[in-house]
Amino acid sequence: MIINVYGSTGIIGKTSLSIIKKHFPNYKINLLCAKSNYKLLAKQCNEFEVGYAYIDNPKNYTKLKSLLKKEIKILNKDSLNEYLKESKSDLSILAVSGYESLKYLELILSNTKKIGVVSKEAIVSAGHILKKISKKFNTSIFPLDSEHFSIFKNFNKINLKSVNFKKIYLTASGGPFIGRNFNSLKKISFKEAVNHPKWKMGYKNSIDSATLVNKCLELIEAHYLFDIPFSQLDILIHPESLVHSIIEDKNYISKMIYFHNDMRIPLMHYLSNNKIDELPKINKFNFYQKTSLNFSVVEEKNYPIYNYFKSIDKSNPCNLIKFNLGNEYAVDLFKQKKIKYVDILQLIKEITSINLNSDVNNIDKIIQYHESLNSYIRSNFK
């Protein structure tokens, strides 16, 4: 079993490698890719005796090469393209943040039989053509995000379109300001906004959890991955974060999918090809421990960005890309203390409303649109 890992130095990449080392020692890791952490990448490559290594930051190319064993070949952007074209892998893990992963997405899909994806930006930007590309290369897509994994585990053996369901709900923890009116958060600091009550994440994911943008993006992913109409997707606030999705059938019976919030669970299922019977030493819900599960609707006064998201024309992929990039830019300005937390909503509205559309029916055009939109945003919104 030959595996390539894109984003090996991130949390998902490191977790994947630890699982492979412990539970799948016969798997051969042939390629590890990272953005800029050349020290950790070199350590991983040497430990797993990979064939190839790739660092996205060219400034660290020489540094990486000096730390690698001589038999490991280091790739640049051109040789990475050639590698993907000329080789084949059984499994790939795409855990790269940002739209930069789009530059290699089609080649990665052509290179592998099965891909585990945890890259919001790639699916949000290219989800409308993702199925077409994967079908072209006969590549299976396995969602690794907990919400989409939970849906996938329910419907991986049946056609989702044949299921007589009314609605699918994704759950949200509610973030650090759960129950608070959005307009009361004008003086909230960046430090307060990234202080998630349940777990530590990067600042972008933490802010998106507070505003609920992360769930808006996950709805887009669910729409593209499972061909579910937006009208049959919704969000519920669930502070315990044990239930990841709820399938509400038309016969008034609902199915709640829960598991401990541990990325090892979807990764173990993926790496074992769904054939593992028992996960070793994974935290699980204790039925003997007194607890409660709470659910509530998303109130507009607390999460107005979600209400705005519901109002936009989501049939146009450009609007979803604008929404995503608008949020990225707004979060960056908030981090720099150039805008207030509550200004994120207005900036998203203004950027999503930009009259800048394009034909985004292939990867190259999507990348061009990203670059044009980024340039326009940074020239007109300061």
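The values are calculated or read from the model by the stated rules, or taken from the named source; none is laboratory data. These figures come from a predicted structure and were not determined experimentally. Cβ atoms come from the backbone with ideal geometry, glycine included; neighbour counts cover every protein chain shown. Surface areas here come from the heavy atoms of the whole protein model, side chains and all, with no ligands, DNA or RNA. Shrake-Rupley method; radii C 1.70, N 1.55, O 1.52, S 1.80 Å.
Could you identify the single residue in GLN346, GLN336, GLN368 that is under 20 Å from LEU102 (Cβ atoms) and open to solvent by 20 Å² or more (accessible area, probe 1.4 Å)?
Values: GLN346 fails: under 20 Å from LEU102 (Cβ atoms); GLN336 fails: under 20 Å from LEU102 (Cβ atoms).
Of the residues listed, the single one that is under 20 Å from LEU102 (Cβ atoms) and open to solvent by 20 Å² or more (accessible area, probe 1.4 Å) is GLN368.
Residues that are open to solvent by less than 10 Å² (accessible area, probe 1.4 Å) and under 14 Å from GLU221 (Cα atoms) within segment 234-248 comprise ILE235, SER245, listed in sequence order.
Please return the ranges of strands (runs of 3 or more DSSP E) entirely within segment 1-111 where 2 or more residues are open to solvent by less than 10 Å² (accessible area, probe 1.4 Å) and more than 30 Å from ASN361 (Cα to Cα).
Numbers: elements: 2-6, 28-34, 52-55, 73-75, 89-94.
By residue number, no strands (runs of 3 or more DSSP E) qualify.
Taking the stated definitions as given, is ALA122 modelled with pLDDT under 90, under 28 Å from ILE11 (Cα atoms) and in a helix (DSSP H, G or I)?
On the way: modelled with pLDDT under 90: yes; under 28 Å from ILE11 (Cα atoms): yes; in a helix (DSSP H, G or I): yes.
Here the answer is yes, as ALA122 does meet what is asked.
Name the residue that is surrounded by the fewest Cβ atoms within 10 Å (Cβ to Cβ), counting only residues in segment 212-233 that are more than 15 Å from LYS120 (Cβ to Cβ) and of a type in the set (Phe, Trp, Tyr). Walk me through it before giving the result.
We begin by selecting, within segment 212-233, every residue more than 15 Å from LYS120 (Cβ to Cβ); these are 226-233.
Filter once more, so that each one left must be of a type in the set (Phe, Trp, Tyr): 226, 230.
Values: PHE226: 16, PHE230: 14.
Applying the filter and picking the extreme gives PHE230.
I want to confirm something. Restricting to segment 276-298 and keeping residues that are open to solvent by less than 60 Å² (accessible area, probe 1.4 Å) and part of a loop (DSSP other than H, G, I, E, B), which single residue is modelled with the highest pLDDT? Steps first, please.
Initial filter on segment 276-298 (open to solvent by less than 60 Å² (accessible area, probe 1.4 Å)): 276, 279-280, 282, 285, 296, 298.
Now narrow it down to the ones that are part of a loop (DSSP other than H, G, I, E, B): 276, 279-280, 282, 285, 298.
Values: ILE276: 65, LEU279: 58, PRO280: 59, ILE282: 62, PHE285: 62, VAL298: 96.
Residue satisfying both the conditions and the ranking: VAL298.
Test TYR376 against the stated conditions and say whether it is open to solvent by less than 60 Å² (accessible area, probe 1.4 Å) and touching a residue at least 12 places away in the same chain (Cβ under 8 Å). Working first, answer last.
On the way: open to solvent by less than 60 Å² (accessible area, probe 1.4 Å): no; touching a residue at least 12 places away in the same chain (Cβ under 8 Å): yes.
Against the criterion (open to solvent by less than 60 Å² (accessible area, probe 1.4 Å) and touching a residue at least 12 places away in the same chain (Cβ under 8 Å)), TYR376 does not qualify.
Within the span defined as segment 127-145, every residue fails to be closer than 20 Å to TYR308 by Cβ, open to solvent by 60 Å² or more (accessible area, probe 1.4 Å) and either free of Cβ contacts under 8 Å to residues at least 24 places away in the same chain or of a type in the set (Gly, Ala, Ser) (or both).
Would you pick out the residues in segment 112-121 that are open to solvent by 20 Å² or more (accessible area, probe 1.4 Å) and under 15 Å from PRO143 (Cβ atoms)? Of everything in segment 112-121, those that are open to solvent by 20 Å² or more (accessible area, probe 1.4 Å) and under 15 Å from PRO143 (Cβ atoms) turn out to be LYS114, VAL118, LYS120, GLU121. For LYS153, the requirement of being in a loop (DSSP other than H, G, I, E, B), under 20 Å from LEU267 (Cβ atoms) and either modelled with pLDDT under 90 or open to solvent by less than 10 Å² (accessible area, probe 1.4 Å) (or both) is not met.
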